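Read the structure below first, then the notes.
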Amino acid sequence: MDRIQDIYRPVEQRCCDFKEVERELSFAELGEQARRCMDCGIPFCHGNGCPLQNVIPEINTAVARGEWKLAWEILSSTSSFPEFTSRVCPALCEGSCTGGLHGQPVMVRQLEKAVVDTAFRNGYVQAAKPVRNGLTVAVVGSGPAGLALADDLNRYGFDVTVYEAHHRPGGLLRYGIPDFKLAKSAIDRRVKLMEEAGVRFVCDTRVGHDVSASYIAGRVDALALAFGTPEARNLPLPGRELGGVNFALEFLQGQNRVNAGELSATPVSAAGKHVVVIGGGDTGSDCVGTAIRQHAATILQLEIMPKPPVERSESTPWPLWPYMLRTSSSHREGGERRWNVSTKRFIGQGGRVCGVEVCDVEWTLSPEGKPLKFTEVPGSTRVIDTELVLLAMGFTGVDPAGLAADLGLAVDQRRRLASDPARRIYVCGDTANGASLVVRAIADGKKTARRIYEDLTGGAK
Ligand SMILES: Cc1cc2nc3c(=O)[nH]c(=O)nc-3n(C[C@H](O)[C@H](O)[C@H](O)COP(=O)(O)OP(=O)(O)OC[C@H]3O[C@@H](n4cnc5c(N)ncnc54)[C@H](O)[C@@H]3O)c2cc1C
């Protein structure tokens, strides 16, 4: 039995809407795929691959036997929000799947999705009923890290209040990741369960602006910071100030807010435009998928790094997460990708961008194929016509002048914050580790909740 390749709705159908791109697999297909996991001798997926340490072979055994409730019980014993990870995780577990050593890995992520979706459909997922311990915690930020931390602390019996600058909880799950990857109804459903279990959400409240962090810290037993890495990496080249040169998140967030009814029109629109996306990563790919749905005329995604190999690179042998070419569902829908391209300046007319000057670059590689340094290819400078440039080059970390300064916390060289347990201030997610992944944010939220529980209650170490 091979791994199923066709997991998406047809392109011509999915490009007309913002609904999730993946199709539902049948129980028969899921059972067959779960049985592929039974061929494994030594599973590296959960120890090596999954930051949550999901017990993947046991979950898949239950699925192969049709024991969906048991599969859910095993999955939910380690994972707070499998409905999020099963939709957006790059599936680090699949990179270390033993089946992937000589063939195609087991489709762990889709099996997880089926387990959690079946659990919700069958009513297995219920609000927690905690016994209160009389201690209070405030959480700043309601992304996956803040949500996981709040959920676990609430289950431990703490009285938890989450402060969120945005109108609704979810962080980048809601205001970054497009709806075609993660339907926001999944976040609403989870937040409702958490509220029923006693977690309080205070939205439209920017801590450090609407209320000071030190004021909150003085009124709770512990303060947890999970406010992400709000600053996007800029490209401060000549012409950066032109209209039509925008951060990817401004573009993506606008579309998500229109879909949610929070805005009537997208503040940054790709409709009818020649779009250039700078940055070849996942955020760039999300821009491609969103621009396609907004009916852009053309979409070109530029990446300064070389094109990764089609197969796993020797620099990342199994069971490491493979460095290799990744083609997302959005890339399969349209647009063009080019590698080894560096941007030199933005060209304008009447205050708006009309072109990007670029050149080709050549990389020197290490013996394992790792890119080391680049030089410009002489005579390759040219101008690409465009009316919208989206900067998707990652995030720079925490602003040292913001909440960090408010609370007297030092920002390290990579602009991350560290916990100060002596003052009962804890930090988790991207704020602590730099921009990363949803699954790592959730894992860190859970780990930090455990630490707060142990520090404040003297509970089992
Ligand atoms: C466009 C995009 C797509 C991505 N796609 C994926 C993907 O497919 N898979 C994946 O695994 N990862 C993806 N990521 C990365 C992932 O979303 C992040 O790593 C993850 O959300 C980090 O979680 P977090 O809780 O630490 O922070 P965030 O999700 O950033 O949440 C932080 C929250 O804190 C709030 N906040 C900030 N400052 C304050 C304040 N002063 N007061 C109150 N609230 C505040 C913010 O409004 C936000 O809601 C993507 C990231 C982006 C930008």
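Read-outs throughout are calculated quantities, based only on the coordinates presented, and are distinct from any laboratory measurement. Bear in mind the structure is a predicted one, so any value in this text is a computation, not a measurement. Glycine also receives a Cβ, built like all others from the backbone with ideal geometry; neighbour counts cover every protein chain displayed.
If R0 equals 25 Å, the separation of the Cβ atoms of ASP188 and VAL131 corresponds to a calculated FRET efficiency of about 0.40. The mean sequence distance of close C-alpha pairs (under 8 Å, at least 6 residues apart), as a share of the length of the chain, puts its relative contact order at 17 percent.
Taking the inverse of the mean reciprocal distance over all distinct Cα pairs, the Kirkwood hydrodynamic radius of the chain comes to 23.6 Å.
Go ahead and collect, in residue order, the members of segment 244-269 whose backbone nitrogen is under 13 Å from a label point 7 Å along the Cα-Cβ direction of ASN234. So the set is 246-247.
Taking packing as the residue-averaged number of other Cβ atoms within 10 angstrom, the listed peptides 317-328, 435-446, 164-175, 130-141 run from highest to lowest as 435-446, 164-175, 130-141, 317-328. Of the GluC sites (Glu not before Pro) found in segment 13-50, those in coil by DSSP whose Cβ has at most 15 other Cβ atoms within 10 Å are GLU24. A straight Cα-to-Cα reach below 13 Å connects LYS69 with the aspartates and glutamates GLU58, GLU112, ASP117, residues fewer than 8 places away in its own chain not being considered. May I ask for the percentage of alpha-carbon pairs in segment 11-121 that lie more than 24 Å from each other? Taking all Cα-Cα pairs of segment 11-121, the fraction more than 24 Å apart is 21 percent. Given a Förster distance of 56 Å, report the FRET efficiency between ARG23 and THR457 from their Cβ-Cβ distance, rounded to the nearest 0.05. About 0.75, to the nearest 0.05. Estimated from helical segments only, the mean residue ellipticity of the chain at 222 nm is -9000 deg cm²/dmol, where each DSSP H run of four or more residues counts as -39500 (n - 2.57). If a spin label sat at a point 7 angstrom from the Cα of ALA405 along the line to its beta carbon, no backbone N atom of segment 229-243 would be nearer than 15 Å.
For SER77 and GLU32, what does the FRET efficiency come to when R0 = 30 Å and r is the distance between their Cβ atoms, rounded to the nearest 0.05? If you can, show how the numbers build up before the last one.
Numbers: r = 25 Å, r/R0 = 0.85.
Given R0 = 30 Å and the Cβ-Cβ separation, E is 0.75.
The relative contact order of segment 1-126 comes to 27 percent, based on Cα pairs under 8 Å that sit 6 or more residues apart.
Modelled this way, with points 7 Å down the Cα-to-C-beta line, the labels at GLU196 and SER328 are 3.3 nm from one another. Beyond 20 Å, how much of the Cα-Cα pair distribution for segment 88-189 remains, as a whole percent? When all Cα pairs of segment 88-189 are counted, 56 percent exceed 20 Å. Take the Cα radius of gyration of segment 333-373 and divide it by 2.2 N^0.38 Å, N being the number of residues; the result is 1.68. Less than 5 angstrom separates the built amide H of GLY171 from those of SER142, GLY143, all sequence-distant by 5 or more or on a different chain.
Ignoring lysines fewer than eight residues from LYS373 along the same chain, the ones with Cα atoms less than 28 angstrom from its Cα are LYS307, LYS344. Note on segment 91-131: semi-axes of the ellipsoid equivalent to its C-alpha gyration tensor, largest first and rounded to whole Å, are 31, 12, 5. Kirkwood's formula applied to the C-alpha pairs of segment 215-279 gives a hydrodynamic radius of 15.1 angstrom.
The alpha carbon radius of gyration of segment 340-433, expressed as a multiple of 2.2 N^0.38 Å, is 1.65.
Does segment 216-329 classify as rounded, prolate or oblate by the C-alpha gyration tensor (a ≥ b ≥ c root eigenvalues; a/c under 1.5 gives rounded; else a/b over b/c gives prolate, otherwise oblate)? In terms of gyration-tensor shape, oblate. Dimensions of segment 234-393 along the principal axes, based on C-alpha atoms and rounded to the nearest Å, stand at 51, 38, 23, largest first. Cross-link partners for LYS192 among the lysines, with Cα-Cα distance under 17 Å and sequence neighbours closer than 8 places in the same chain left out: LYS129, LYS184.
Judged by the ratio a/c of the largest to the smallest principal axis of the C-alpha gyration tensor, segment 136-230 counts as oblate, that ratio being 1.5 or greater while a/b is no larger than b/c.
Amide H to amide H, with H built 1.01 Å from N, LEU225 comes under 5 Å of VAL140, TYR426, VAL427, CYS428, counting only residues 5 or more places away or on other chains.
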